[in-house]
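The structure appears below as structure tokens.
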Amino acid sequence: MGPLALRLRRTCFSLTTNVIQRSEATKNLSNTTKPMLDVSIIIVHYNTPRLLRQTLKGIRRANLHVSYEVIVVENDVKRGCVETVRREFPEVQLVVNEKNLGFGVGMNTGFARATGRYLLVFNPDIILSEGSLEKLVAFMDARTDVGMVGPRLNNPDGSLQASCYRFMEPKTVLYRRIPLLRSLPFAKRHLGAYLMNEWDHAEARDVDYLLGAAMLVRRKALDMVGGFDPAYFVYFEDQDFCRRFWKAGWRVIYNPEATMIHYHRRETAEGHFFRQLFKPLTRIQLRSAVYYFKKYRGEKNPHTCLTQPTSFTK
């Protein structure tokens, strides 16, 4: 055997040994880690302490039949409820940020701590109905191509709340923002299509995107897609998140068999048009919109089944 062949043989042997050593190390690590929980419930909180307290009590009352943990990321250390959570809910893992980092960054902080097979993106103003989370978990367990599922959200009076949509276009924002445009027939048709008003929301089906108030996310899909885009402080991050799931080949599903109550308030929609423009949250929302549309400019909708409901066998 010549000198060159001998060097090649030694190099191959060294590479093979390194691969085997890394494989053994990974195997040993996985053997020593504790089993995953079913669900990590992750809540990003900012300045709604009474609602957060109500939500945490609701999780207790739901009498969950899945293994779970609750992680609260506190984005408002000065006016938040750190001591209340520690005193009244010692089972909750509390992560305290020194300043408000926004919804997406806060949620990503929770993702990094989570140990569940599934991660529930959960608002601090939702009542978890008994059996609802179990239904979502069973749905995901039975359908491994689904990356994310959301429940039916009801208003406190029991009426349906819009929580699944078609992807926005720039004109969607204009029609929703400007009262004069919103009242015109073509704008009404467009907004009705955006809200999927042609459908009674009575069965599970694929949707473009889910409201970020309640999303059960598969860990495997999250590992592939990544967390929320930190460029969004708030608004449009849920739409972006779902779009990236579709682009990666993961389905996004609305499942009304699971229902929850959402004390939702659209702060950016309060007041007349010119008053809205001067609200800081409105300006943040518009910046998020500009970023989103620039990011996906020229791209086709990654979810191609916009009008065909998908049947799911129970």
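The values are calculated or read from the model by the stated rules, or taken from the named source; none is laboratory data. What you are looking at is a predicted structure, and each value in this text was computed from that prediction instead of being measured. Cβ sites come from the backbone with ideal geometry, for glycine too, and all protein chains shown count toward neighbours.
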Quiz item: Across segment 80-136, what is the number of residues that are in a helix (DSSP H, G or I) and more than 20 Å from R60 (Cβ to Cβ)?
Solution: 10
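Whether any residue in segment 259-266 is in contact with a helix residue (DSSP H, G or I) (Cβ under 8 Å, 6 or more places away or on another chain), within 22 Å of N155 (Cβ to Cβ), polar (S, T, N, Q) and crowded, with 20+ Cβ neighbours inside 10 Å is what I want to check.
First, the residues of segment 259-266 that are in contact with a helix residue (DSSP H, G or I) (Cβ under 8 Å, 6 or more places away or on another chain): 259-260, 263.
Subsequent filtering for residues that are within 22 Å of N155 (Cβ to Cβ) retains 259-260, 263.
Then keep just the ones that are polar (S, T, N, Q); that gives 259.
Narrowing the set further to residues that are crowded, with 20+ Cβ neighbours inside 10 Å leaves none.
Within segment 259-266 (the criterion being in contact with a helix residue (DSSP H, G or I) (Cβ under 8 Å, 6 or more places away or on another chain), within 22 Å of N155 (Cβ to Cβ), polar (S, T, N, Q) and crowded, with 20+ Cβ neighbours inside 10 Å), the answer is no, since none of the residues qualifies.
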Quiz item: Scanning segment 75-116 for residues that are over 17 Å from the mean Cα position of the chain (by Cα) and buried (at least 21 other Cβ atoms within 10 Å of the Cβ), which turns out modelled with the highest pLDDT?
Solution: V85
Quiz item: Can you name every residue in segment 175-198 that is exposed (fewer than 14 other Cβ atoms within 10 Å of the Cβ) and under 20 Å from L281 (Cα atoms)?
Solution: I178, P179
Quiz item: If L119 satisfies every condition in (1) modelled with pLDDT of 95 or more; (2) over 20 Å from K220 (Cβ atoms); (3) not acidic (D, E) but one, which is the exception?
Solution: (2)
